Each structure stands twice: as C-alpha cells, then as structure tokens.
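Comments concern the structure below.
Every read-out reported here was derived from the displayed coordinates using simple, explicitly stated rules and does not represent laboratory data. Only a predicted model underlies this, so the values are computations on that prediction, with no experimental measurement involved. Glycine also receives a Cβ, built like all others from the backbone with ideal geometry; neighbour counts cover every protein chain displayed.
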C-alpha cells in the first residue's frame with residue numbers, strides 16, 4: 001500500500017469519507033464489500049434511511065446473535081434489525097423504488113471504474129461470474145452512484161481509462177472514493193476533488209490510469 | 001382456483017406431480033423466504049432436468065441450491081449465483097445453462113407473466129451484456145430494453161401464515177419474490193409456518209389473495 005496503512009484501515013477510511021456525504025433524510029442503498037461498512041460511520045445528527053434490495057427501508061444494525069432471524073436480512077444475507085419507521089415490501093416494489101429514482105444514493109464496489117463513469121463489477125469472464133444481482137438496476141435508477149474501492153489492487157489501478165470487463169452500467173458513476181482520493185466524474189473526464197494527506201498529485205497520477213483535472217483549491221481529505 | 005378451501009398436503013404429496021423437465025419458480029433471497037420444506041421434498045422426489053427461476057441459487061448446501069448440487073437442474077434463470085460454489089462450477093464447465101437477469105428485471109418479468117402483460121420496458125442493462133439479443137425501443141426520446149414475461153409450471157413459495165382459503169401473510173423482508181411468483185405459475189404451492197382459520201388473517205393484512213394458491217404445506221422447520 002502506497003501510504004503505509006493496512007488494507008482494513010484503507011477500507012475504513014473510504015467508508016468514513018463516504019459516510020460524510022449524506023444529508024439528513026437521504027435514502028441510501030449500500031452494496032457488499034467496502035460499501036457495507038459505510039453505515040457504521042454516519043455522523044451524529046444525520047439520519048440516513050437505509051434501503052436493502054431484498055425489500056426493506058429503515059434497515060438497522062446487525063442483529064444480536066440471539067435475536068436475528070433469516071426473515072430480516074441485509075442484501076449480503078446477514079441478519080439485521082429494522083428501525084422504527086421502517087417498512088417491508090416485495091421485490092417489485094423494492095426495485096420500483098430503485099428504478100423509479102426514489103433512492104438518493106447507492107454505494108457500490110468496483111472491479112474497474114473508468115473516466116467516463118462506466119462501472120464493471122459483476123463478472124470476470126471465464127473466472128468469476130456471480131451475476132449482477134441488483135447492481136444494474138441500482139446504477140440505472142439511483143439518483144447518485146458512488147463507487148467505493150481501494151485505489152489499487154496488487155499494484156494495479158482500479159480507476160482505468162476504459163473498463164475492459166463487462167459493464168454493470170454505462171456512464172453511471174458520479175463519484176469515486178478511494179483511500180487516496182475523491183474524484184468526480186464530469187462530462188470532460190475525472191476531476192480530482194480531494195487528495196489524501198500522505199500523497200501528492202504526481203504520485204497519485206502514477207497509480208491512476210486516466211488523466212484527471214484538479215479542482216482549485218484542492219482539498220486535503222479529512223482522515 | 002378449484003376449491004373454496006385449499007388442500008393442505010404433506011410436502012411429498014404436494015410436489016409429487018412435478019415432472020422431469022418442469023419449469024419451477026422458487027421464492028427467496030439468500031436465506032430469507034425460501035420454501036425449505038418443499039425443497040427437501042423435491043430432493044427426495046428426485047425429479048430431473050428442471051428449469052429453475054429464482055433470484056439467486058442460495059448456497060450449495062442450503063435451500064434450492066441443493067437441487068443444483070444434486071444434479072436436478074438443467075437451466076437456471078437468476079440474478080445471482082455467486083454464493084453457490086456448485087452453480088459456479090457447473091456453469092464454468094458448461095454443464096449448467098444460466099440466464100442472468102438483473103434483479104429488478106427478473107421481478108418485472110415474473111410480474112408481467114402473472115399480470116397478463118406482454119413484456120416490460122426497462123432502462124436497466126442498456127449498454128451491457130443484458131441488452132444483447134433484445135429489442136430496444138425508443139419511447140419519448142429514451143431508450144428501453146424490451147424484456148419478455150416469465151411463467152412457470154409450478155411456483156414453490158414461502159409465507160409466514162396461511163388460512164384455509166390460501167390467503168397468505170408474509171413477515172419481515174422474507175416476502176421478496178414470493179408474492180410475484182404466486183401470480184405466474186400454473187400450480188402454486190405455498191409453504192407456511194402457521195395455518196389458521198378463515199377470518200383469522202385481517203383482510204388488510206392479506207398480501208397474497210388465496211385464489212392464487214393451489215396447495216398449502218406446513219413448514220417442518
């Protein structure tokens with residue numbers, strides 16, 4: 001890792017940074033992996049309504065061992081709780097909420113994300129083909145799509161010029177959050193909004209495949 | 001359909017007329033809302049060459065994932081197979097046909113099949129493999145994929161409670177695809193944890209009207 005923090009620390013940093021993006025009352029759907037950590041770090045005073053694709057609004061924290069039931073689970077299959085004001089519904093309604101533009105933000109992981117905002121996160125041909133689950137609907141229908149990803153994996157950039165893997169969605173990503181930077185996807189390409197305190201722009205460029213513009217003044221990421 | 005009161009059957013009796021080659025829908029999302037008892041009966045029954053329509057193929061040792069591990073399935077139509085190692089393996093070896101459908105599209109295709117619609121138009125999947133081989137229509141300047149309805153010979157669904165007329169009440173987010181599948185199959189078999197007398201479920205709380213249900217089975221879990 002470029003900045004001498006562990007992978008776990010890097011993931012927590014990304015989750016914490018994304019958690020600061022939300023406004024009180026935002027309806028948010030979190031994918032599996034790094035996105036699922038985001039709910040642990042919502043700032044005090046901000047009430048986010050979490051949606052799970054299997055049919056629930058008002059998803060709460062993980063259930064205690066003795067209280068959990070398979071009848072209330074998160075999208076990753078973990079037994080969770082429902083908060084006061086929550087609701088349960090069937091899959092058509094759940095995806096009506098998604099596709100119909102009623103979810104403010106979805107946070108998803110990436111195998112690759114590129115400068116046009118294309119996202120690939122559902123298959124590696126010939127190797128791993130889990131399926132798209134709800135991801136294609138989420139990137140199509142959520143008002144904003146955030147990608148949460150480590151900046152590099154085994155030294156290879158996750159942010160690429162063009163995705164080479166099959167896409168989950170075309171020109172769908174709004175913002176990319178890594179342990180090193182925050183980028184906005186604009187019609188002109190990537191715009192660097194924030195940079196981690198441990199790196200400078202030239203070292204960031206070495207681990208980011210596409211060119212990017214830099215917002216002035218460039219913010220230092222709060223970590 | 002048929003009788004006013006719906007027959008309450010043993011799981012074995014309820015699935016025994018499912019023939020080789022049948023198309024079956026199975027409710028559930030991951031571990032929630034899966035008709036586990038009916039699946040066990042199907043495993044014993046040994047029926048083969050099934051086409052399985054489900055959200056995900058569960059795990060190789062859990063729920064309908066076991067049907068795949070047991071070699072009873074020839075084709076899967078699902079949004080996700082990643083948690084079932086056997087599905088992955090058989091698919092990679094070319095021994096199992098898998099049609100991947102985005103989850104929201106799967107819900108709408110089943111709904112269309114059960115609601116008498118000729119298809120649905122969705123933007124989901126545009127510019128991806130999900131668009132391949134499908135008709136794309138432009139409506140008011142926006143592009144949509146035409147997705148066709150899905151139906152099955154049998155639907156195996158799971159609810160919390162049924163009354164003798166087959167009215168169903170679900171609990172938690174275990175509802176998922178179950179109410180949709182109740183519309184979209186010729187024979188609907190509902191597995192429930194509790195069977196109550198007619199009138200005991202408040203009409204306001206009936207999520208699936210009993211006229212859609214053909215057989216009732218009590219859960220053995």
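Estimated purely from DSSP H runs of n ≥ 4, each contributing -39500 (n - 2.57), the mean residue ellipticity at 222 nm for the protein assembly as shown is -5000 deg cm²/dmol once divided by its residues.
Translational diffusion coefficient of chain A (Stokes-Einstein, Kirkwood radius from Cα pairs, 25 °C, 0.890 mPa s): 137 µm²/s.
Compared with the dominant principal axis of the Cα atoms in chain B, helix B:103-115 is inclined by about 60°. Given axes a ≥ b ≥ c from the Cα gyration tensor, I'd like to know whether segment A:96-223 is rounded (a/c under 1.5), prolate (a/b larger than b/c) or oblate. It is oblate, given that a/c is not under 1.5 and a/b is not larger than b/c.
Other protein chain C-beta atoms within 10 Å of residue C-beta, averaged over A:92-103: 4. Counting only other chain Cβ atoms within 10 Å of each residue's Cβ, the peptide A:68-80 averages 5. Axis of helix A:7-19 versus longest Cα principal axis of chain A: the two differ by about 70°, to the nearest ten degrees.
Its relative contact order, with pairs defined as Cα atoms under 8 Å and 6+ residues apart, puts chain A at 17 percent. Sorting A:163, B:54 from the fewest to the most surrounding beta carbons within 10 angstrom yields A:163, B:54. Translational diffusion coefficient of the protein assembly as shown (Stokes-Einstein, Kirkwood radius from Cα pairs, 37 °C, 0.692 mPa s): 144 µm²/s. Shape class of segment B:1-115 from the alpha-carbon gyration tensor: oblate, with a/c at 1.5 or above and b/c at least as large as a/b.
With a ≥ b ≥ c the root eigenvalues of the C-alpha gyration tensor of chain B, is it rounded (a/c under 1.5), prolate (a/b larger than b/c) or oblate? Taking the square roots of the gyration eigenvalues as a ≥ b ≥ c, chain B is oblate. Once both labels are positioned 7 Å from their Cα atoms along Cα-to-Cβ, the gap between residue B:129 and residue B:221 label points is 3.0 nm.
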